[in-house]
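Take a look at the structure set out below.
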Amino acid sequence: LMSGVKNNVGRGINMALVNGKTGELLDTKFFDMWGGDVAPFIEFLKTIQDGTIVLMTTYDDGATKLNEEARKLIAELGSSSITNLGFRDNWVFCGGKGIKTKSPFEQ
């Protein structure tokens, strides 16, 4: 879904959105949480549709610019570790929009 060869990964939080019914890749994005702005990341999180599988991982630093609103939106996708994510922590997560419980796929 994502790789340097496909040129769709970068520093910060890397994301892939997958249709939960068909398995079709919907979108990939990365957001620089060191030198970038958190606002586009928050807006992107708000556009995710119910039933979408959300895959996230960090590269370099994925936490410096995260604010309470961004962390809350990620927690709503099923993350239980996002509140503790710190500077240059490694993090991988698979959750979903509309999930009713915490995701067991997070480290």
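The condition (being open to solvent by less than 50 Å² (accessible area, probe 1.4 Å), among the hydroxyl-bearing types (Ser, Thr, Tyr), under 25 Å from Ser3 (Cβ atoms) and out of contact with any Ser or Thr (no Cβ under 6 Å at 6 or more places or on another chain)) is satisfied by just one residue among Thr47, Thr58: Thr58. Within the stretch 55-107, restricting attention to residues that are over 13 Å from the mean Cα position of the chain (by Cα) and of a type in the set (Lys, Arg), which residue is farthest from Val9 (Cα to Cα)? If we take residues in the stretch 55-107 being over 13 Å from the mean Cα position of the chain (by Cα) and of a type in the set (Lys, Arg), then Lys100 is farthest from Val9 (Cα to Cα). Are any residues in the stretch 63-96 at positive phi and open to solvent by less than 20 Å² (accessible area, probe 1.4 Å), and if so, which ones? Answer for the stretch 63-96, where residues must be at positive phi and open to solvent by less than 20 Å² (accessible area, probe 1.4 Å): just Gly78. For the stretch 1-46, filtering for residues that are assigned to a strand (DSSP E or B) and small (Gly, Ala, Ser) leaves 2.
Only residues that are buried (at least 17 other Cβ atoms within 10 Å of the Cβ) and either over 17 Å from Ile74 (Cβ atoms) or not aliphatic (A, V, I, L, M) (or both) were counted in the stretch 1-27, giving 6.
The values are calculated or read from the model by the stated rules, or taken from the named source; none is laboratory data. This one's a predicted model, so the numbers in the text were calculated from it and none came from an experiment. As a convention, Cβ positions derive from the backbone with ideal geometry for all residues, glycine included, and neighbour counts pool all protein chains shown. These area figures cover heavy atoms from the full protein model, side chains too; ligands, DNA and RNA do not enter into them. Shrake-Rupley method; radii C 1.70, N 1.55, O 1.52, S 1.80 Å.
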